[in-house]
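Since every read-out is calculated from the coordinates, none of them should be taken as a lab result. Worth saying up front: this structure is predicted, and the values here are computed from it rather than measured. FYI the Cβ positions are ideal-geometry reconstructions off the backbone, even for glycines, and counts take in every protein chain you see.
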Amino acid sequence: MSSPILRALSLALAALAGLGTAACAREGPLRERLKERIEARRTPAPAEGADATAGRLTAPGDYRLSLEHDGLTRRYLVHVPRSYRGDRPAPLVVAFHGGGGGMEHMADDANYGLVSKSESAGFVVVFPNGVSRLPSSMLATWNAGACCGSARDRNVDDVGFVRKMLADLATRLAVDPARVYATGMSNGAMMAYRLACELPASFRAIAAVAGTDNTLACTPAARVAVLHVHARNDTHVLFGGGAGQDAFRDRSQVTDFTSVPETVARWTKRNGCAVSPERVLDVAGATCDRWRPCAEGAEVQLCVTETGGHSWPGAERVRRGKESPSQAISANDAMWAFFESLPPRGP
């Protein structure tokens with residue numbers, strides 16, 4: 001590791017020392033986590049000829065963008081797949097990292113595989129960064145209502161940031177407004193639920209992985225389809241609700257999470273769905289149930305893995321000291337199949 005990286009590591013450790021354990025998830029030794037995060041910040045440079053400051057993004061590749069909102073500089077990564085053509089509006093997936101993570105971690109294919117899925121399916125994928133107490137933007141969280149961390153405690157306007165980011169992307173890319181979706185992991189999934197409540201006209205559907213609906217209020221003016229993916233043995237966001245033992249060392253940074261059954265019940269009611277689901281997948285280690293018909297073709301689907309803990313099913317990388325992600329299903333494949341199956345939103 002080069003000396004600049006070591007200096008950055010020392011600065012990050014010094015900054016974190018004053019924070020105690022407030023925003024630090026139990027993912028292994030602190031020094032190793034910080035090394036991984038610093039290395040993860042070495043994301044690919046934008047493709048040759050792709051100048052993000054020039055306005056429109058005309059070439060496939062990776063872009064770093066930022067905007068000012070509510071007194072904060074907000075950052076996000078954009079991956080434009082090779083199949084993108086400026087004269088053909090593309091679907092857009094906004095992917096929110098988990099609490100204590102960052103956009104580079106979410107954009108790492110070994111962690112989530114979303115860039116590869118973007119290439120195979122042909123959607124543009126955007127990785128926003130949450131708000132962090134650190135200048136490096138590491139250990140960031142989202143204000144998803146009752147959770148999480150400093151973003152919640154400072155009442156950060158993450159909904160306004162996302163609204164402004166979508167408006168900015170619409171000036172840079174040919175995006176199909178009828179095919180804009182959100183997904184997220186853990187606290188990022190909770191953020192997706194908040195957007196379904198507060199920006200329902202902007203998102204056709206969400207796919208929440210390992211994070212439940214912890215909004216403080218929800219009266220959406222339009223129906224948003226919901227796919228929820230959760231491991232039955234999740235020790236962070238417990239399937240049955242409450243604060244998981246491994247969520248955060250400082251319990252004040254999280255909340256008593258809503259259970260998976262309650263989350264699904266809320267959204268089947270909001271979407272006017274049939275009372276009983278149909279089993280659409282039953283394989284070793286996983287099942288998926290789907291509620292339909294629903295109003296405006298919204299639909300709700302729940303996929304449950306028996307193992308995997310607090311992870312992204314189908315992911316390659318295993319976090320140090322944690323259970324391997326379930327391979328019974330792929331969260332990315334389930335997500336995209338769900339999004340693509342939805343009928344156009346009704347009047």
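Given Cα pairs under 8 Å that are at least 6 residues apart, what percent is the relative contact order of segment 216-341?
Details: 235 pairs, mean separation 31.4, N = 126.
Result for segment 216-341 is 25 percent.
Net charge within 11 Å of Lys164 by Cβ-Cβ distance, Lys/Arg positive one each and Asp/Glu negative one each, not counting Lys164 itself? Net of charged neighbours comes to -3. Residues whose amide H lies under 5 Å from that of Leu281, counting only those 5 or more places away or on a different chain, are Cys288; hydrogens are built 1.01 Å from N in the peptide plane.
Looking at segment 166-309 only, what percent of DSSP beta bridges run antiparallel? Nearest 5 please. If you can, show how the numbers build up before the last one.
On the way: 13 of 29 bridges.
Of the beta bridges lying entirely in segment 166-309, close to 45 percent run antiparallel.
Could you put Arg56, Arg266 in order, starting from the residue whose Cβ has the fewest other Cβ atoms within 10 Å? Write down the numbers at each step before the final one.
On the way: Arg56 12, Arg266 19.
Least to most surrounded, the residues fall as Arg56, Arg266.
Ranked by how many other Cβ atoms sit within 10 Å of their own Cβ, fewest first, the residues Tyr193, Tyr76 fall in the order Tyr76, Tyr193. Is segment 133-220 rounded, prolate or oblate when judged by the Cα gyration tensor, a ≥ b ≥ c being the square roots of its eigenvalues, rounded requiring a/c under 1.5 and prolate requiring a/b larger than b/c? Oblate shape, in that a/c is at least 1.5 and b/c is the bigger or equal ratio. 3J(HN,Hα) couplings calculated from phi for segment 120-136 with the Karplus curve 6.51 cos²θ - 1.76 cosθ + 1.60 (θ = phi - 60°) are, in sequence order, 6, 9, x, 9, 7, 10, 10, 10, x, 10, x, 9, 10, 6, 9, x, 6 Hz; Gly and Pro show x.
What percent does the relative contact order of segment 275-314 come to when contacts are Cα pairs within less than 8 Å and at least six residues apart? Walk me through the numbers before you get to the answer.
On the way: 48 pairs, mean separation 12.4, N = 40.
31 percent.
Which of the peptides 100-111, 207-218 is most tightly packed, and how do the rest follow, judged by the mean count of other Cβ atoms within 10 Å per residue?
Numbers: 100-111: 21.7, 207-218: 23.4.
Output ranking for 100-111, 207-218: 207-218, 100-111.
Karplus-derived 3J(HN,Hα) values for segment 220-235, using 6.51 cos²θ - 1.76 cosθ + 1.60 with θ = phi - 60°, are x, 7, 9, 7, 10, 5, 10, 10, 10, 10, 8, 8, 5, 9, 4, 9 Hz; glycine and proline are entered as x.
The fewest-to-most ranking of Tyr112, Tyr181, Tyr84 by surrounding Cβ atoms within 10 Å reads Tyr84, Tyr181, Tyr112. 3J(HN,Hα) along segment 325-333: x, 4, 10, 5, 9, 9, 4, 5, 5 Hz, from the Karplus curve 6.51 cos²θ - 1.76 cosθ + 1.60 with θ = phi - 60°, whole Hz, x for Gly and Pro. Remark on Ala243: its backbone amide H falls under 5 Å from those of Phe257, a criterion applied only to residues 5 or more positions apart or on other chains, H modelled at 1.01 Å from N.
With the contact rule set at Cα under 8 Å and sequence spacing of 6 or more, what percent relative contact order holds for segment 132-198? Working shown, then result.
On the way: 54 pairs, mean separation 20.4, N = 67.
Here the relative contact order equals 31 percent.
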